[in-house]
Amino acid sequence: MAVPYQITSAEAYQHAYAKSIENPAAFWADIASHFTWKKQWELTLDWNFVEPHVRWFLGGQLNITENCIDRHLESLGNKPAIIWEPNDPEESHRVLTYRQLHDKVCQFAHVLKNNGVEKGDRVCIYMGMIPELAIAVLACARVGAIHSVIFGGFSAQSIADRLQDAQAHFIITCDGAFRGAKDIPLKSVIDDALIACPFVERVIVCTRTRTPVSMLKGRDVWWEDEIKKVETLGLHNFEPEVMESEDPLFILYTSGSTGKPKGVVHTTAGYMVYANYSFVNVFQYQPEEIHFCTADIGWITGHSYIVYGPLSAGATSLMFEGIPTWPDAGRFWDIVEKYKVNILYTAPTAIRSLMGFGTAPIEGKDLSSLRVLGTVGEPINEEAWQWYHKHIGKENCPIVDTWWQTETGGILISNLAGITEAKPSYATYPLPGIDPILVDENGNIIEGNNVSGNLCIRHPWPGMLRTTYGDHERCRQNYFATYHQLYFTGDGALRDEAGRYRITGRVDDVLNVSGHRIGTAEVENAINMHAGVVESAVVGYPHDIKGQGIYAFVVYTGGHQSDPQLTRQDILLTVTRAIGALAKPDKIQFVSGLPKTRSGKIMRRILRKIAEGEPGQIGDTTTLLDPNIVEEIKSGVIN
Ligand code: WTA
């Protein structure tokens, strides 16, 4: 049965939106009343954006896994909660019904308890896309531990930084992960990370690839052995820990304009309500449908739209271990056909890369089950939108272009599938409860339509971040200090004549490479670690498939001078070790200096224009310490 708060017409959207802006607390209290609480909340909202201080559903008690699993058991116990498609199409797939998921989460919750995990402890999860990853996440939530999932592409150094920041004493990992033709030695990466993290007490290792691993006595245990112990003890149900609404649910590290990723903190009740509400309404989920979100659970999209959103709605969530182009570029379409997928949610970068293979991989594949298509993570260009619409949706499926961020917990701006109209390359209208505004550089609100500016949000919504872990001041500085009493997104946007929003991209020093968020300062720090590098400046440039590519200007005086190609490779390896392969620059240009103002500030605007192939638009360079450097850089640009 559909939930009562599912919006079923454009008029109903207008109505809900008006109500939500008029009285947000009453609006969200009504939605929250449809969840399972151990204790009803007393105060719906308490907030100010100065500290910032945002608290939803105060005094309420609940456990999110009760809402994602237990409450469905009676009516949906035998319904598939998770369908898992392995990397290798020859291997059998797995199905976990809600009942089976319940049992596995309870079992693993016992394992966590037996290994010393307590409410409030931080548990780092570094696994491939197997059902045990979802089970680990949910088991943490069941015992009240705070999970921090780290994407499998991050390096040992990145993991160590995050473990230290979160003071995580527990790790759940796998021997390895399969991704396309590759096999990633996850445990071995963890071992390297732990050299710098002696405080880690326990590493639980799940078997997947059967890659040989070293198991340290007293610290490392096998997942399977721990489960056996629980079975021997005859432990079944795990009574969910009672959580306060504002108890942290998870930390997810994400890049900002400074060198160090920040730990975005989401809390229990507000996040749950928002992930669920946005899932049900944006995708217009119907009972019995199969929802396929192609993201990795290591990113916020996987948290909200593989795990918490769909499961809290009693949906069937399809989890895929592999990549879209392996064993061939028809893999997504094989999966859609095999499971009769109804909702497909992916990133523009995947669409653009598949477009490159033409329509042959689609031919003969039955995609008729598809009802809704979605995109997330970066702006979608019109060509990719049209291709998706025509060749995948057969001009029959609404496309939802969903704009949101790690910090927002769920989708904030998007059309609602089949309910409100789409416009290619526009996220269109805000969800109920979301009050977006545009401001100019001085923080003046830009009224009216056909305007553009910096995108801010005016009022809290339940799914927004509460703090950055261990450093609340950083949260204030980053999001609430730029403009008075506003949450600043870091994105630029324009509003068209009908009030629809189009997100134009980041206005800060954050890049969006293949839908992955990377800070330029982070990449610069990594490059600067390389011996012989004096300094560097990193900017983005338009990239046909990735959306943005990474362009690094590097001042280098080290060895290998005579072999720039080898030096480039060395630098790439340093970046891979410091962050991970996802942050490797696409282009490295060696320069003798960087354009700087007399006060020593690097003029990134100039470098950006050069990297974008628009040196004609550099503008005034007279304020530079050495204007000649610009000519040198222009003449050496890598196309
Ligand atoms: C960008 C991903 C245009 C944006 C959920 C944002 C988008 C950043 C869209 C957040 C979209 C996300 N259109 N740009 N539909 N969705 N972005 O934290 O720049 O990984 O600030 O969250 O991705 O990336 P994050």
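The values are calculated or read from the model by the stated rules, or taken from the named source; none is laboratory data. For clarity, every value in this text was computed on a predicted model and none was experimentally measured. All Cβ positions, even for glycine, are placed from backbone atoms using ideal geometry, and neighbour counts span all protein chains on display. With ligands, DNA and RNA removed, areas are computed over all heavy atoms of the protein, side chains included. Shrake-Rupley method; radii C 1.70, N 1.55, O 1.52, S 1.80 Å.
If you go through the stretch 438-464, how many residues are closer than 17 Å to residue 24 by Cβ and within 16 Å of the ligand (Cβ to nearest atom)?
The number of residues fulfilling the criteria is 5.
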field: Identity of the residue in the stretch 517-541, open to solvent by 10 Å² or more (accessible area, probe 1.4 Å) and of a type in the set (Gly, Ala, Ser), that ends up farthest from the chain's Cα centre (by Cα)
entry: 532
query: What number of residues within the stretch 219-256 satisfy the criterion of being open to solvent by less than 30 Å² (accessible area, probe 1.4 Å) and within 30 Å of residue 512 (Cα to Cα)?
result: 8
query: For residue 295, are the conditions met, namely being open to solvent by 10 Å² or more (accessible area, probe 1.4 Å), of a type in the set (A, V, I, L, M, F, W, C) and more than 17 Å from the chain's Cα centre (by Cα)?
result: no
task: Could you grab the pairs with beta carbons closer than 8 Å, sequence gap of 6+ or different chains, first residue in the stretch 393-404 and within 15 Å of the ligand (Cβ to nearest atom), second one β-branched (Val, Ile, Thr) and in a loop (DSSP other than H, G, I, E, B)?
output: 401/380; 402/411; 403/411; 404/411
message: Of all residues being in a strand (DSSP E or B) and basic (Lys, Arg) in the stretch 485-530, which is farthest from the ligand (Cβ to nearest atom)? Just the residue, please.
response: 495
- request: Could you please find all residues in the stretch 406-421 being within 12 Å of the ligand (Cβ to nearest atom) and open to solvent by 10 Å² or more (accessible area, probe 1.4 Å)?
  value: 406
message: Can you find, within the stretch 585-639, the residue that is farthest from the chain's Cα centre (by Cα) among those that are among the hydroxyl-bearing types (Ser, Thr, Tyr) and in a loop (DSSP other than H, G, I, E, B)?
response: 622
